[in-house]
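Colleague: Below you will find the structure I want to go over with you.
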Amino acid sequence: MENVREELILMIRLQRIYDRISEAITEQRTPPEDVRQLAEENRRRQLELEELQDRMEGLEAELQEVNRAQEESRMELEHFQRQKGMVTNEREFTAVINEIDFATQALEKATVRRQEIEEGIEALSSEIEERRKARPEEEDAHRDVTERWEHRRAKLTKEIHELAAEARRLEEQLQPANRSRFLRLLKSKHGTALAPAIEGSCSLCHFALRPHLQQRVRRAEEIIACEHCYRILYMPELENEAGPGEDGRG
Ligand SMILES: [Zn+2]
């Protein structure tokens, strides 16, 4: 006959390991404040840089457009200036002069706009350059923060792997039926398969145990589940027999 008490003690030790694993996973998923701030800062800076680059591209496209318009106006101007020498009456002369005025204005407008765009591009590219140059200096200060966090995460990953191996080792010692029951509960009960019975109630769902069930839990001769949450119940005294808890870690 299986020794239920021993099985329960094994399960308590397993539950502790799984508790520690989920704690470590939570820590891994929660970067400390300085790391979060750094990531946020980098993201914002990257966005600003991208925005500057977008504006730059917009200006460059507009510059091409203005260059083309300027070239067209220049050609029109030349064309009408040649026509001016060939007019035969005043009406034609006035018409050509009007065209010349129009083309001249367009040319001037394009020239002014072109100047503006070129200045804009220059200002933008020096701003982009400056922001890029500003990064390495700041990165020194930030590298510490990032490296510390990477180091911590790597340590946690190692710990999780070691704990998982230890859990498998303990699971192999359980009776197959108890093992699958424990693992099934662990999965369906969000990582907590066991519950100590405290003052006659399941300590997790607080469901009051009927007296005869309390007695059976106390005897630890069979696996008793909470009638409400189905977790495996045990007497808190068994925790001492399971050895020091996680607080006992170096
Ligand atoms: Zn319960």
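Colleague: With over 36 Å from the mean Cα position of the chain (by Cα) and acidic (Asp, Glu) as the only criterion, which of Glu116, Glu162 stands out?
Modeller: Numbers: Glu162 fails: over 36 Å from the mean Cα position of the chain (by Cα).
Just one listed residue meets the conditions, Glu116.
Colleague: Still on this model: Give me a count of the residues in region 231-250 that are away from the ligand (no atom under 16 Å from the Cβ) and under 16 Å from Met11 (Cβ atoms).
Modeller: 9
Colleague: Shifting gears a bit: Out of (1) surrounded by fewer than 17 Cβ atoms within 10 Å (Cβ to Cβ); (2) not assigned by TED's automatic domain parsing to the domain that holds Arg148, the odd one out for Leu8 is which?
Modeller: Against the list (1) surrounded by fewer than 17 Cβ atoms within 10 Å (Cβ to Cβ); (2) not assigned by TED's automatic domain parsing to the domain that holds Arg148, Leu8 comes up short only on (1).
Colleague: Is one or more of the residues making up region 220-230 near the ligand (Cβ under 9 Å from one of its atoms) and under 19 Å from Glu23 (Cβ atoms)?
Modeller: no
Colleague: For the list (1) of a type in the set (S, T, N, Q); (2) more than 30 Å from Gln53 (Cα to Cα); (3) more than 31 Å from the chain's Cα centre (by Cα); (4) part of a helix (DSSP H, G or I), I need the number of the one condition that Thr157 fails.
Modeller: Of everything listed in (1) of a type in the set (S, T, N, Q); (2) more than 30 Å from Gln53 (Cα to Cα); (3) more than 31 Å from the chain's Cα centre (by Cα); (4) part of a helix (DSSP H, G or I), Thr157 misses just condition (3).
Colleague: When the residues of region 180-214 are narrowed to those that are away from the ligand (no atom under 16 Å from the Cβ) and either among the small types (Gly, Ala, Ser) or within 17 Å of Ile21 (Cβ to Cβ) (or both), which ends up surrounded by the fewest Cβ atoms within 10 Å (Cβ to Cβ)?
Modeller: Across region 180-214, the extreme among qualifying residues is Lys187.
Colleague: Could you identify the single residue in Glu71, Glu62, Glu51 that is under 23 Å from Ile121 (Cα atoms) and in contact (Cβ under 8 Å) with a residue 40 or more places away in the chain?
Modeller: Glu62
Colleague: Also, quick follow-up: Could you count how many residues in region 159-178 are crowded, with 17+ Cβ neighbours inside 10 Å and over 17 Å from Asp19 (Cα atoms)?
Modeller: Looking only at that region, the number is 2.
Colleague: Check Arg143 against each of (1) more than 30 Å from the chain's Cα centre (by Cα); (2) more than 22 Å from Arg20 (Cβ to Cβ); (3) modelled with pLDDT under 95 and name the one condition it does not meet.
Modeller: Here Arg143 clears every test but (1).
Colleague: OK, next. Determine whether region 11-21 contains at least one residue that is outside any helix (DSSP H, G or I) and either among the hydrophobic types (A, V, I, L, M, F, W, C) or over 19 Å from Arg132 (Cβ atoms) (or both).
Modeller: no
Colleague: For the condition touching a residue at least 40 places away in the same chain (Cβ under 8 Å) and of a type in the set (Asp, Glu), what is the one hit in Glu99, Glu108, Glu118?
Modeller: Glu118
The values are calculated or read from the model by the stated rules, or taken from the named source; none is laboratory data. The shown structure was predicted, so the numbers you read here are calculated from the model rather than taken from an experiment. Cβ sites come from the backbone with ideal geometry, for glycine too, and all protein chains shown count toward neighbours.
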